[in-house]
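The values are calculated or read from the model by the stated rules, or taken from the named source; none is laboratory data. Keep in mind the model is a prediction, meaning the values are calculated, not measured. Cβ placement follows ideal geometry from the backbone for every residue including glycine, while neighbour counts extend to all protein chains displayed. For the accessible areas, the whole protein counts, side chains as well, though only heavy atoms, and no ligand, DNA or RNA atoms are used. Shrake-Rupley method; radii C 1.70, N 1.55, O 1.52, S 1.80 Å.
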Amino acid sequence: MKLLVVNGPNINMLGVREPEVYGDGTYIDLCNLVDNYCREKNIEVEFFQSNYEGEIVDIIQNAYGSFDGIIINPAAYTHTSIAILDSLKAVGIPTVEVHISDVSKREDFRQVSYIRQYCKKSIIGFGFKGYLMAVDYLVELIKK
Ligand code: DQA
(Lines give C-alpha, C1' and ligand atoms only; values in the text may rest on other atoms or scores of the structure.)
Protein backbone atom coordinates (compact mmCIF):
# COMPACT_ATOMS: atom_id res chain seq x y z
CA MET A 1 0.00 0.00 0.00
CA LYS A 2 1.33 3.40 -0.97
CA LEU A 3 0.07 6.72 0.40
CA LEU A 4 0.75 10.28 -0.67
CA VAL A 5 0.64 13.08 1.91
CA VAL A 6 0.07 16.49 0.31
CA ASN A 7 0.33 19.75 2.24
CA GLY A 8 -0.49 23.19 0.92
CA PRO A 9 0.75 26.74 1.47
CA ASN A 10 2.44 27.77 4.71
CA ILE A 11 2.50 24.24 6.12
CA ASN A 12 6.29 24.46 5.63
CA MET A 13 6.15 27.25 8.25
CA LEU A 14 4.78 25.01 11.02
CA GLY A 15 6.62 25.62 14.28
CA VAL A 16 7.02 29.30 13.37
CA ARG A 17 3.55 30.22 12.18
CA GLU A 18 0.87 30.91 14.80
CA PRO A 19 2.01 28.28 17.35
CA GLU A 20 -1.09 29.02 19.42
CA VAL A 21 -3.18 27.70 16.50
CA TYR A 22 -0.92 25.05 14.93
CA GLY A 23 1.40 24.02 17.78
CA ASP A 24 5.18 23.99 18.09
CA GLY A 25 5.99 21.06 15.81
CA THR A 26 7.71 21.75 12.48
CA TYR A 27 6.85 20.38 9.05
CA ILE A 28 9.81 18.01 9.36
CA ASP A 29 8.43 16.80 12.72
CA LEU A 30 5.11 16.16 11.01
CA CYS A 31 6.72 14.18 8.18
CA ASN A 32 8.82 12.14 10.63
CA LEU A 33 5.76 11.35 12.74
CA VAL A 34 3.76 10.10 9.75
CA ASP A 35 6.77 8.34 8.22
CA ASN A 36 7.52 6.38 11.43
CA TYR A 37 3.86 5.48 11.86
CA CYS A 38 3.65 4.16 8.29
CA ARG A 39 6.95 2.31 8.64
CA GLU A 40 5.56 0.41 11.68
CA LYS A 41 2.57 -0.58 9.58
CA ASN A 42 4.59 -1.51 6.49
CA ILE A 43 2.99 1.23 4.43
CA GLU A 44 4.94 3.14 1.82
CA VAL A 45 4.48 6.89 2.12
CA GLU A 46 5.65 9.96 0.21
CA PHE A 47 5.39 13.62 1.20
CA PHE A 48 4.84 16.72 -0.87
CA GLN A 49 4.40 20.34 0.20
CA SER A 50 3.89 23.35 -2.03
CA ASN A 51 2.86 26.96 -1.76
CA TYR A 52 1.61 26.84 -5.38
CA GLU A 53 -1.83 25.64 -6.39
CA GLY A 54 -0.74 24.38 -9.83
CA GLU A 55 2.05 22.28 -8.31
CA ILE A 56 -0.49 20.64 -6.02
CA VAL A 57 -2.70 19.89 -9.05
CA ASP A 58 0.37 18.43 -10.84
CA ILE A 59 1.33 16.16 -7.93
CA ILE A 60 -2.25 14.87 -7.64
CA GLN A 61 -2.37 14.17 -11.38
CA ASN A 62 1.00 12.38 -11.19
CA ALA A 63 -0.31 10.20 -8.36
CA TYR A 64 -2.66 8.49 -10.84
CA GLY A 65 -1.77 4.82 -11.08
CA SER A 66 0.99 5.07 -8.44
CA PHE A 67 -0.76 5.68 -5.11
CA ASP A 68 -3.57 3.86 -3.29
CA GLY A 69 -4.60 6.78 -1.10
CA ILE A 70 -4.07 10.50 -0.59
CA ILE A 71 -4.00 12.46 2.65
CA ILE A 72 -4.33 16.14 1.87
CA ASN A 73 -4.25 19.35 3.84
CA PRO A 74 -4.65 21.97 1.11
CA ALA A 75 -4.32 24.70 3.80
CA ALA A 76 -5.77 28.01 2.51
CA TYR A 77 -6.52 26.42 -0.88
CA THR A 78 -9.13 24.31 0.93
CA HIS A 79 -11.34 27.38 0.94
CA THR A 80 -10.70 28.55 -2.63
CA SER A 81 -9.55 25.80 -4.98
CA ILE A 82 -11.92 24.15 -7.41
CA ALA A 83 -8.79 23.13 -9.38
CA ILE A 84 -7.62 20.88 -6.52
CA LEU A 85 -11.12 19.39 -6.18
CA ASP A 86 -11.20 18.68 -9.92
CA SER A 87 -7.75 17.05 -9.87
CA LEU A 88 -8.83 14.72 -7.05
CA LYS A 89 -11.97 13.82 -9.00
CA ALA A 90 -9.88 13.26 -12.13
CA VAL A 91 -7.57 10.67 -10.55
CA GLY A 92 -10.26 8.99 -8.42
CA ILE A 93 -7.86 8.02 -5.61
CA PRO A 94 -9.47 7.60 -2.15
CA THR A 95 -8.65 10.79 -0.24
CA VAL A 96 -8.88 12.05 3.34
CA GLU A 97 -8.89 15.77 4.12
CA VAL A 98 -6.96 16.81 7.23
CA HIS A 99 -6.80 20.12 9.07
CA ILE A 100 -4.53 20.65 12.04
CA SER A 101 -6.71 23.36 13.58
CA ASP A 102 -10.44 23.15 14.20
CA VAL A 103 -11.53 25.18 11.18
CA SER A 104 -15.18 24.76 12.20
CA LYS A 105 -14.54 27.14 15.13
CA ARG A 106 -12.60 29.72 13.10
CA GLU A 107 -13.46 32.55 10.67
CA ASP A 108 -16.43 32.35 8.29
CA PHE A 109 -14.12 32.17 5.26
CA ARG A 110 -12.71 28.89 6.59
CA GLN A 111 -16.14 27.23 6.68
CA VAL A 112 -16.06 26.33 2.99
CA SER A 113 -14.07 23.32 1.81
CA TYR A 114 -14.23 22.69 -1.91
CA ILE A 115 -12.53 19.30 -1.65
CA ARG A 116 -14.81 17.97 1.12
CA GLN A 117 -17.48 16.78 -1.34
CA TYR A 118 -14.93 14.41 -2.90
CA CYS A 119 -13.11 13.24 0.24
CA LYS A 120 -14.04 9.97 1.97
CA LYS A 121 -13.50 11.64 5.33
CA SER A 122 -12.50 14.97 6.89
CA ILE A 123 -10.41 14.96 10.07
CA ILE A 124 -10.38 18.38 11.67
CA GLY A 125 -8.79 19.83 14.79
CA PHE A 126 -6.72 16.88 16.05
CA GLY A 127 -3.35 18.51 15.42
CA PHE A 128 -0.65 16.31 13.84
CA LYS A 129 -2.49 13.23 15.15
CA GLY A 130 -5.13 13.87 12.49
CA TYR A 131 -2.68 12.67 9.82
CA LEU A 132 -2.21 9.37 11.70
CA MET A 133 -5.98 9.01 11.98
CA ALA A 134 -6.15 9.55 8.22
CA VAL A 135 -3.58 6.77 7.68
CA ASP A 136 -5.68 4.38 9.82
CA TYR A 137 -8.86 5.33 7.99
CA LEU A 138 -7.33 4.80 4.55
CA VAL A 139 -5.77 1.46 5.55
CA GLU A 140 -9.19 0.14 6.63
CA LEU A 141 -10.88 1.56 3.54
CA ILE A 142 -8.35 0.19 1.08
CA LYS A 143 -8.32 -3.27 2.76
CA LYS A 144 -12.08 -3.62 2.07
C1 DQA B 1 -5.37 24.60 7.91
C2 DQA B 1 -6.57 25.54 8.11
C3 DQA B 1 -6.65 26.53 6.97
O4 DQA B 1 -7.77 27.38 7.14
C5 DQA B 1 -5.41 27.39 6.93
O6 DQA B 1 -5.45 28.27 5.83
C7 DQA B 1 -4.16 26.59 6.93
C8 DQA B 1 -4.09 25.38 7.73
C9 DQA B 1 -5.19 23.64 9.10
O10 DQA B 1 -4.45 22.67 8.94
O11 DQA B 1 -5.73 23.85 10.18
O12 DQA B 1 -3.15 27.01 6.36
O13 DQA B 1 -5.61 23.80 6.76
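Cβ-Cβ under 6 Å, sequence separation 6+ or interchain: first residue in the range 73-84 and near the ligand (Cβ under 8 Å from one of its atoms), partner of a type in the set (Lys, Arg). Which pairs?
Short answer, once both residue conditions are applied: 79/110.
Is it the case that the range 108-130 has a residue that's open to solvent by 60 Å² or more (accessible area, probe 1.4 Å) and of a type in the set (Gly, Ala, Ser)?
So the first thing to find is which residues in the range 108-130 are open to solvent by 60 Å² or more (accessible area, probe 1.4 Å), and the list is 108-109, 111-112, 114, 116-117, 120-121, 126, 129.
Among the residues that remain, those that are also of a type in the set (Gly, Ala, Ser) are: none.
No, every residue in the range 108-130 fails to be open to solvent by 60 Å² or more (accessible area, probe 1.4 Å) and of a type in the set (Gly, Ala, Ser).
Can you give me the number of residues within the range 133-144 that are open to solvent by 30 Å² or more (accessible area, probe 1.4 Å) and either under 25 Å from residue 82 (Cα atoms) or of a type in the set (A, V, I, L, M, F, W, C) (or both)?
Filtering the range 133-144 down to residues open to solvent by 30 Å² or more (accessible area, probe 1.4 Å) leaves 133, 136-137, 140-144.
Those still in the list that are either under 25 Å from residue 82 (Cα atoms) or of a type in the set (A, V, I, L, M, F, W, C) (or both) too: 133, 137, 141-142.
Qualifying residue count, the range 133-144: 4.
Please go through the range 22-47 and give me each residue that is within 15 Å of the ligand (Cβ to nearest atom), hydrophobic (A, V, I, L, M, F, W, C) and open to solvent by less than 50 Å² (accessible area, probe 1.4 Å), ordered by number.
Once the filter is applied, which keeps residues that are within 15 Å of the ligand (Cβ to nearest atom), hydrophobic (A, V, I, L, M, F, W, C) and open to solvent by less than 50 Å² (accessible area, probe 1.4 Å), the range 22-47 yields 30, 31, 34.
Answer yes or no as to whether residue 140 is among the acidic types (Asp, Glu), more than 12 Å from the chain's Cα centre (by Cα) and within 10 Å of the ligand (Cβ to nearest atom). Walk me through it before giving the result.
On the way: among the acidic types (Asp, Glu): yes; more than 12 Å from the chain's Cα centre (by Cα): yes; within 10 Å of the ligand (Cβ to nearest atom): no.
Criteria not met by residue 140.
So which pairs qualify, if the first residue must be in the range 117-137 and among the aromatic types (Phe, Trp, Tyr), the second must be open to solvent by 60 Å² or more (accessible area, probe 1.4 Å), the Cβ gap must be under 6 Å, and the two must be at least 6 apart or on different chains?
Close Cβ pairs satisfying both conditions: 118/89; 128/33; 137/121.
Any idea which of 65, 25, 54 is of a type outside the set (Val, Ile, Thr), within 28 Å of residue 143 (Cβ to Cβ) and not in a strand (DSSP E or B)? First the steps, then the outcome.
Details: 25 fails: within 28 Å of residue 143 (Cβ to Cβ); 54 fails: within 28 Å of residue 143 (Cβ to Cβ).
Unique residue meeting the criteria: 65.
Taking the range 75-107 only, how many residues are open to solvent by 30 Å² or more (accessible area, probe 1.4 Å) and polar (S, T, N, Q)?
2
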